[in-house]
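Please treat every number below as a calculation from the coordinates, not as lab data. Nothing here was measured: the structure is a model prediction, and the numbers come from that model. Cβ sites come from the backbone with ideal geometry, for glycine too, and all protein chains shown count toward neighbours.
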Amino acid sequence: MIQRIDLRGQTLSRRELLAVVPRAEVGVDEALASVEPIVTDVRRRGAAALRDIAERFDGVRPGSLRVPAAALADALTGLDARVRAALEEAIRRVRMVHAAQVPPEHATTLADGAVVRQRYVPVERVGLYAPGGLAVYPSSVIMNVVAAQEAGVSGLAVASPPQKEHGGLPHPTILAACALLGVGEVYAVGGAQAVAMFAYGAEGSEPQDGAVLCEPVDVITGPGNVYVAAAKRLVRGVVGIDAEAGPTEIAVLADATADPGHVALDLISQAEHDPMAASVLVTPSVELASAVEARLVDLADATKHSARVLQALGGPQSAIVLVEDLEQGLAVVDAYGAEHLEIQTADAAALADRVRNAGAIFVGPWSPVSLGDYMAGSNHVLPTGGTARYASALGVLSFLKPVQVIEYSRDALGELADRIVALAGDEDLPAHGEAVRGRFH
């Protein structure tokens with residue numbers, strides 16, 4: 001069902017570790033060829049292209065690409081009371097965590113009359129993507145929207161794929177989550193085409209669109225499959241992006257003290273997202289590995305999305321990695337850079353503090369990834385595909401720009417004038433020096 005990779009007795013360099021950790025065979029590079037024509041088409045033809053692409057990929061041609069306000073209100077009215085209560089609690093917790101992330105403005109006084117301040121300015125407009133292919137993710141709406149709202153962003157637009165069974169609108173629970181959060185600009189647009197729409201804007205093609213269906217945004221965030229990640233790569237530089245988030249992944253670093261049933265359940269919980277989802281166990285315990293394998297067989301056959309789970313667990317992106325000890329295990333998970341990293345060991349908290357590369361770290365047997373997906377208060381929009389080595393979770397800072405404000409008096413500038421002139425001369429930029437010296441003559 002799931003491959004084994006045995007690294008015991010091997011001393012591997014960082015380069016070798018990066019090469020040996022399991023990865024999906026289809027990555028962002030391979031997806032670019034499929035995505036580029038979509039992005040180009042949306043850029044050129046706007047709403048007309050969006051409708052054609054929806055008909056091709058989603059099996060429905062939306063009449064209203066922008067979701068009517070009445071549909072948002074109806075979705076909230078029809079929301080199951082238990083689901084509404086869960087969404088409201090998730091919003092409350094995520095808002096508390098993200099409100100605490102807002103950095104204070106600060107000023108540094110270097111000398112009398114010499115002050116450098118740093119203030120944080122929210123971007124003006126963001127496009128937030130909520131997937132809706134094999135599963136529906138109102139939780140992703142919460143993660144994106146709350147972070148942007150707490151950053152102070154004034155223009156929020158959400159896109160989620162049109163659903164044939166819902167008349168070409170996104171899933172009602174997605175719409176209800178938007179209504180709960182006060183977001184009125186919602187589009188029935190999915191995948192790479194949503195990224196293109198946000199990046200370049202889209203002209204209308206039907207009377208209900210108006211002349212302009214969607215204005216361009218400054219930043220695009222939100223999880224998605226490898227094609228969404230490829231589209232983000234194509235538009236990066238035109239707009240800011242959070243990360244090239246592709247199919248979900250979990251790594252579990254566990255020793256013999258871990259409960260094999262817990263580990264197997266958590267591996268399956270991520271595998272049910274997508275046939276390309278990655279589930280990786282890293283352990284020095286052969287006994288645990290064997291016990292987890294046995295539990296995977298039983299649990300995967302019994303779960304609702306068994307076919308999807310089995311495909312994900314059997315893919316090249318999933319594995320049980322046997323290591324010599326937890327030290328080597330730490331090196332492996334740091335090379336892997338998991339979106340979600342669970343640590344289920346005797347000294348989980350201490351090991352967690354030593355991890356360098358992970359989107360989010362879940363410590364101990366009572367902090368499963370499912371908690372972070374919904375109710376922990378942390379953000380579940382996380383870097384995938386090894387990008388956690390340089391990228392981080394979505395948060396308030398994803399929507400804030402640090403702006404430096406420099407204010408010097410005449411005397412403060414005068415004290416530095418000769419030194420500025422010296423450096424300008426050394427760089428053969430004499431006009432820089434004259435711009436300072438000329439103020440004193």
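Descriptive notes on the structure:
- Unit charges on C-beta of K, R, D, E only; dipole of the range 232-295, Debye: 380 debye
- Taking a ≥ b ≥ c as the square roots of the eigenvalues of the alpha carbon gyration tensor, the range 19-82 is oblate, as a/c is not under 1.5 and a/b does not beat b/c.
- Length added when fully stretched, GLN101-ASP80, from 0.36 nm per residue minus Cα-Cα: 4.4 nm
- Per-peptide packing, taken as the mean over residues of other Cβ atoms within 10 Å, places 424-433, 179-188, 274-283 in the sequence 274-283, 179-188, 424-433 from highest down.
- The range 18-66 and the range 272-286 have Cα centres lying 27 Å from one another.
- Amide H to amide H, with H built 1.01 Å from N, GLY46 comes under 5 Å of GLU203, counting only residues 5 or more places away or on other chains.
- Each residue of the range 383-398 is assigned a 3J(HN,Hα), and the resulting list reads x, 10, x, x, 6, 5, 5, 9, 10, 9, 5, 4, x, 4, 5, 5 Hz, derived from the Karplus form 6.51 cos²θ - 1.76 cosθ + 1.60 (θ = phi - 60°), x at Gly and Pro.
- Between ASP325 and ARG410, the simple label model (points 7 Å from Cα in the Cβ direction) yields a spacing of 6.9 nm.
- Separation between Cα centres of the range 158-191 and the range 97-156, rounded to whole Å: 23 Å
- The length gained by stretching the chain between ARG92 and ARG14 to full extension, at 0.36 nm per residue less their Cα-Cα distance, is 24.0 nm.
- q = 0.10 Å⁻¹, the range 322-441: log10 I(q)/I(0) [Debye, one scatterer per Cα]: -0.56
- Extreme residue, positive dipole direction of the chain, given options VAL123, PRO223, SER205 (C-beta unit charges): SER205
- Considering only GLN404, GLN163, GLN270, the mean-square fluctuation computed in a Gaussian network model of the chain, springs between alpha carbons under 10 angstrom, is largest for GLN404.
- Normalising the average separation of contacting C-alpha pairs (under 8 angstrom, six or more residues apart) by the number of residues puts the relative contact order of the range 29-241 at 30 percent.
- Of the residues ILE91, ILE406, ILE220, the one with the fewest other Cβ atoms within 10 Å heads the list, and the complete ranking is ILE406, ILE91, ILE220.
- Two-site FRET efficiency, SER154 against ARG117, from Cβ-Cβ distance with R₀ of 25 Å, rounded to 0.05: 0.65
- For GLY168, residues with placed amide H under 5 Å, excluding near neighbours: GLN163
- Shape call, the range 29-241: gyration tensor on alpha carbons, a/c limit 1.5: oblate
- Förster-model FRET efficiency, 51 Å R0, ASP426 and GLU55, C-beta, rounded to 0.05: 0.20
- Given charges at beta-carbon only (K, R positive; D, E negative), |dipole| of the chain in Debye: 820 debye
- Percent of beta bridges antiparallel (DSSP, the chain, rounded to nearest 5): 35 percent
- Coupling constants for the range 34-51 follow from the phi torsions by the Karplus curve (6.51 cos²θ - 1.76 cosθ + 1.60, θ = phi - 60°), and in residue order they are 6, 7, 4, x, 5, 4, 5, 5, 5, 4, 7, 10, x, 4, 4, 5, 4, 5 Hz; glycine and proline get x.
- Amide hydrogen proximity for GLN3: with H placed 1.01 Å from N in the peptide plane, the residues at 5 or more positions away or on another chain lying under 5 Å are ILE320.
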